[in-house]
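Comments concern the structure below.
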Amino acid sequence: MLVAPDFEDLIAQELGATEHSTITSSDRIATTFLLPVSNPAMSALVGNQMRLVADFVWNEPLVGDHRRGLLVMTVERLPVKLTGQVELSRPGQVTEVSYDCDLEVKIPFLGRRIERAAAETVAQVVNSGQRLGQTWLAQHGGSGQAPEQT
């Protein structure tokens, strides 16, 4: 699922992307989304659309019930970058995906406002993946159940 182009199509649709393209291999997926911009601080810098590039690479093979990868998201024409580790694990009957990411915005004076807007967009992408992932797994032989929150 995490490297399936069809899954990226669902995320693009959920985000309201006007265009998207995906490049895949067995351990990598890179998707470019053209997204509408509604935040005034962001639209002042990029216009009414922004190009977000999400690149996900598994950087180690599956070991036991764990696998780790690297996620990098950038926004074209802006010094905005999210970098983080993704861990896939199966501690019981449910597979869990966890993200540990840092968001970096390097824009003097406007950085905080842009950082909040960028964080909202990144959260939308991740939350859409979470919600759609549960549905995807249920339709493709997984449980689709979210793990219990502790």
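Points to keep in mind about this one:
- Hits in region 79-92 (condition: out of contact with any Lys or Arg (no Cβ under 9 Å at 6 or more places or on another chain) and either surrounded by 16 or more Cβ atoms within 10 Å (Cβ to Cβ) or not hydroxyl-bearing (Ser, Thr, Tyr) (or both)): 82, 84, 90, 91, 92
- Filtered residue count, region 8-42, keeping only those that are under 18 Å from residue 70 (Cβ atoms) and not β-branched (Val, Ile, Thr): 6
- Matching entry among 114, 107 (being buried (at least 17 other Cβ atoms within 10 Å of the Cβ), modelled with pLDDT under 85 and not small (Gly, Ala, Ser)): 114
- Answer residue from region 33-55, given it is buried (at least 19 other Cβ atoms within 10 Å of the Cβ) and assigned to a strand (DSSP E or B) and is nearest to the chain's Cα centre (by Cα) among those: 54
- Checked against (1) out of contact with any Pro (no Cβ under 7 Å at 6 or more places or on another chain); (2) surrounded by 15 or more Cβ atoms within 10 Å (Cβ to Cβ); (3) part of a loop (DSSP other than H, G, I, E, B), residue 68 meets all criteria but (3).
- The set of residues in region 129-150 that are surrounded by 14 or more Cβ atoms within 10 Å (Cβ to Cβ), in contact with a helix residue (DSSP H, G or I) (Cβ under 9 Å, 6 or more places away or on another chain) and either at pLDDT below 75 or closer than 18 Å to residue 83 by Cα (or both) comprises 129, 142, 144.
- Scanning region 87-132 for residues that are closer than 18 Å to residue 77 by Cβ, free of Cβ contacts under 8 Å to residues at least 40 places away in the same chain and of a type outside the set (A, V, I, L, M) turns up 104, 106, 108, 109, 111, 115.
- When region 6-32 is filtered for residues that are without any contact (Cβ under 8 Å) to a residue 40 or more places away in the chain, farther than 18 Å from residue 97 by Cα and part of a helix (DSSP H, G or I), the ones remaining, listed by number, are 6, 9, 12, 13.
- Failed item, numbered, when residue 102 is tested on (1) loosely packed, with under 13 Cβ neighbours inside 10 Å; (2) at pLDDT below 85: (2)
The values are calculated or read from the model by the stated rules, or taken from the named source; none is laboratory data. Every value quoted in this text rests on a predicted model; they were computed, and no experiment measured them. Virtual Cβ from ideal backbone geometry, glycine too; neighbours counted across all protein chains shown.
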